[in-house]
Amino acid sequence: MSSSEIQIKEMVAHKWDLASETFDTHAGHGIQSKKERDAWKYAFLKVFPEKGLKILDVGCGTGELSLLFAEMGHEVTGIDISRKMLKTAESKAEACRANVTFEEGDAENPHFDASSFDIVFSRHLLWTLPNPKKAVVNWGKMLRKDGKVVIIDGVWDNGTLASRVRRNAGALVTLLVERKDPKKGHAGYSDELKAQLPHAGGAPLEKVKEYLSSAGLENIRIFDLKDVRKAQKEKMPLGERIVRSHQYYLICGRK
Ligand SMILES: C[S@@+](CC[C@H](N)C(=O)[O-])C[C@H]1O[C@@H](n2cnc3c(N)ncnc32)[C@H](O)[C@@H]1O
């Protein structure tokens, strides 16, 4: 890794260390209702219906979905570069007595053997990687035959004026009408840091499709997560709901 990449990752880790305490309070991060939990389970069963899979959750954060996978009967490992996000994940696992392994690790350069997982999963991670294509190619290498890379991401800022106005309006409503901090639960990257990330406003679906193909994955399928989003929206403050019309997807490819 070059020294500038190391520096970017240190900045990213620091941002998430700071956000770790409030991350789960944000609807869209922490699961907020039984309806949302059920919608997630139903969505994942459509993508990987088998039980007892070996899953690697890259950029697992506070482990919200790692723990859901464990609840669904899978053997889960979560890696992240933020020690504080991992600490929160570990406390949550302890509280619900879940058997999930959480480790410090870089999603772009994972330290696992080739062919060691059935599923490599990431949610809301690609946008914050300096080398997203390299990451996806490396995820493909860690898959066993017939294993899947499963990615959940979206584009919340496509660089247009309309998207900026919508986001700012949402933040203003949260701040002025609901008297809440719109940044709560988010990492808030500087423009300098964003400039180092090819998908700082979110990873476009077509680009991610290309990454999966570059990783040699086949049978690429896309899901809209409509029911999950509907359940999340019910628990979101008004300001958040205003910005929630951006592209959002689950995409997967098979080895
Ligand atoms: C938006 S959060 C998503 C957390 C989790 N995947 C979720 O959906 O709840 C992004 C996470 O990616 C982690 N992260 C960023 N860059 C990473 C990298 N290169 N390797 C591993 N984790 C990384 C951050 O520390 C943070 O916990």
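The values are calculated or read from the model by the stated rules, or taken from the named source; none is laboratory data. Note that the coordinates shown come from a computational prediction; the quantities given were computed from them, not determined experimentally. Cβ: placed from backbone, ideal geometry, glycine included. Neighbour counts: every protein chain shown. These accessible areas exclude ligands, DNA and RNA; they are computed on the full protein's heavy atoms, side chains included. Shrake-Rupley method; radii C 1.70, N 1.55, O 1.52, S 1.80 Å.
Quick notes
- Top of Glu192, Glu103, Glu71 by mean-square fluctuation, Gaussian network on the chain, Cα under 10 Å: Glu192
- Annotation for segment 145-176: trypsin sites (Lys or Arg not before Pro) lying in DSSP loop with at most 12 further Cβ atoms inside 10 Å of their Cβ do not exist.
- Helical runs assigned H by DSSP (4 residues or longer) give the chain a calculated mean residue ellipticity at 222 nm of -12000 deg cm²/dmol, each run adding -39500 (n - 2.57) before division by the residue total.
- The residues Trp156, Trp16, sorted by heavy-atom accessible surface at 1.4 Å with ligands and nucleic acids left out, run Trp156, Trp16 from largest to smallest.
- Area of Lys141 that stays accessible when all protein chains are in place (1.4 Å probe, Å², to 10): 110
- Sequentially through segment 47-52, phi angles give Karplus couplings (6.51, -1.76, 1.60; θ = phi - 60°) of 8, 9, x, 5, 9, x Hz, Gly and Pro residues having no value and appearing as x.
- Global geometry of segment 1-58, whether rounded, prolate or oblate, following the gyration tensor of its Cα atoms and the 1.5 cut on a/c: oblate
- Alpha-carbon radius of gyration plus Dmax, which is the widest Cα pair, for segment 3-254 in Å: 17.3, 52
- Accessible surface of Ser2, taken over heavy atoms with a 1.4 Å probe and every protein chain present, rounds to 50 Å².
- Over 25 Å between alpha carbons, listed pairs Lys41/Lys226; Lys87/Lys134; Lys9/Lys54: Lys87/Lys134; Lys9/Lys54
- Annotation: Leu53 carries an accessible surface of approximately 20 Å², with a 1.4 Å probe and no ligand, DNA or RNA atoms counted.
- Accessible surface of segment 3-254, 1.4 Å probe, proportion on carbon and sulfur as whole %: 50
- Heavy-atom accessible surface of the chain, averaged per residue, reaches 49 Å², computed with a 1.4 Å probe.
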